[in-house]
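S.K.: I have a structure here, written as structure tokens, and I will follow up with some questions on it.
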Amino acid sequence: MNAVTDQNLHGRRVLIVGTGGLGCATLTALASSTIGSFVLVDDDVVDETNLHRQTLYSDADIGRPKLDAARDSLMRLGVQASRIELQPGRVLPDNARSWVGGVDLVLEGSDNYATKFLVADACYLEQRPVVHGAAVGWNATVMSVGASPPCYRCLFEDVPESPGGSCDSVGVMGPVVGFAGALMADLALRILSGEPAFGVVYTFQGRNARLRPVPVRARTSCALCGANAQIHSINEDMYAVGLSCG
């Protein structure tokens, strides 16, 4: 990393929504960077069945709050305690805009569709860049969104009516999660360094190690960023509960 890029990271605040598999992989990749502070949001505890993909944790952390275990692990990786901010809880309709509005970039690796769309909407309304990540089975998807179209809803449109496959029912391969988290970290550093790394969705197929970037087109009919956008505020009724993998 050159001096100019490195300097651009000082003082930057990054919000990590979810410290599960994607959050762990992303934080590990960013631990040695000079990002000013990491704001971690989660309300879960470490579970033995998730350790294969949640690499910041060990057997000794089982039952502990993920935020506490993540902080301790990051400090062992050299991150100063003063650079780690813990926010126990979840991103909800009544706090989403204030949380994303107070940071320079958001990394979203949550485990449900409702949170993904809520974060996407809040970031676009607050004009904050966000990197989304998801992984299930052997496949992963990563997409970054800036302050102008295309947005997350240009591709995915709305919260699915059906929850689809979940980590509990389908499973997820640890290395796939790790790859997706590393790609999320790469995009985060590029964005914070001033590169407009937006408008592409990356799909990774772990079975054949294939990474495919696909340009995302802005939809004029998009409810969030289209010509006649309908979403101008956060309304709790817009976010039905669905499941995916983080």
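The values are calculated or read from the model by the stated rules, or taken from the named source; none is laboratory data. Source: prediction; values computed, not measured. Heads up, the Cβs are rebuilt from the backbone with ideal geometry, glycines too, and the neighbour counts pull from every protein chain shown.
S.K.: Which of the residues belonging to segment 91-145 are touching a residue at least 12 places away in the same chain (Cβ under 8 Å) and among the hydroxyl-bearing types (Ser, Thr, Tyr)?
M.R.: Ser110, Tyr113, Thr115, Tyr124, Thr141, Ser144
S.K.: Whether any residue in segment 227-244 is part of a loop (DSSP other than H, G, I, E, B), at pLDDT below 95 and within 15 Å of Leu183 (Cα to Cα) is what I want to check.
M.R.: No.
S.K.: I've got another one for you. May I ask you to verify whether Pro196 is touching a Phe, Trp or Tyr at 6+ places or on another chain (Cβ under 6 Å) and either without any contact (Cβ under 8 Å) to a residue 12 or more places away in the chain or not in a helix (DSSP H, G or I) (or both)?
M.R.: When the stated conditions are applied, Pro196 does not pass them.
S.K.: Only one residue in Asp61, Asp47 is surrounded by fewer than 16 Cβ atoms within 10 Å (Cβ to Cβ) and either in contact (Cβ under 8 Å) with a residue 12 or more places away in the chain or more than 29 Å from Met238 (Cβ to Cβ) (or both), so which one is that?
M.R.: None of the other options fit; the residue is Asp47.
S.K.: Also, quick follow-up: Please go through segment 217-240 and give me each residue that is over 13 Å from Pro150 (Cβ atoms) and of a type in the set (Ser, Thr, Tyr), ordered by number.
M.R.: Matches in segment 217-240: Ser233, Tyr239.
S.K.: Okay, next question. For residues in segment 81-94 being loosely packed, with under 12 Cβ neighbours inside 10 Å and in contact with a helix residue (DSSP H, G or I) (Cβ under 9 Å, 6 or more places away or on another chain), which is farthest from Leu9 (Cα to Cα)?
M.R.: Checked segment 81-94; the qualifying residue farthest from Leu9 (Cα to Cα) is Asp94.
S.K.: Take Glu236 and tell me if it is closer than 26 Å to Ala31 by Cα and either of a type outside the set (Val, Ile, Thr) or free of Cβ contacts under 8 Å to residues at least 24 places away in the same chain (or both).
M.R.: Spelling it out, it is not the case that Glu236 is closer than 26 Å to Ala31 by Cα and either of a type outside the set (Val, Ile, Thr) or free of Cβ contacts under 8 Å to residues at least 24 places away in the same chain (or both).
S.K.: Can you tell me how many residues in segment 91-114 are touching a Ser or Thr at 6+ places or on another chain (Cβ under 7 Å) and in a loop (DSSP other than H, G, I, E, B)?
M.R.: 4
Rundown of residues vs (1) outside any loop (DSSP other than H, G, I, E, B); (2) touching a Gly at 6+ places or on another chain (Cβ under 8 Å); (3) over 18 Å from Ala29 (Cβ atoms), yes/no style:
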position	(1), (2), (3)
Arg153	yes, no, yes
Val159	no, yes, yes
Gly181	yes, yes, no
Leu211	yes, no, no
Arg217	no, no, yes
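S.K.: Go through (1) closer than 30 Å to Ala31 by Cβ; (2) touching a Lys or Arg at 6+ places or on another chain (Cβ under 6 Å) and name the single condition Cys222 misses.
M.R.: (1)
S.K.: Now, a different point. Any idea how many residues of segment 124-151 are over 18 Å from Asp42 (Cβ atoms) and either acidic (Asp, Glu) or not in a loop (DSSP other than H, G, I, E, B) (or both)?
M.R.: Qualifying residue count for the region: 12.
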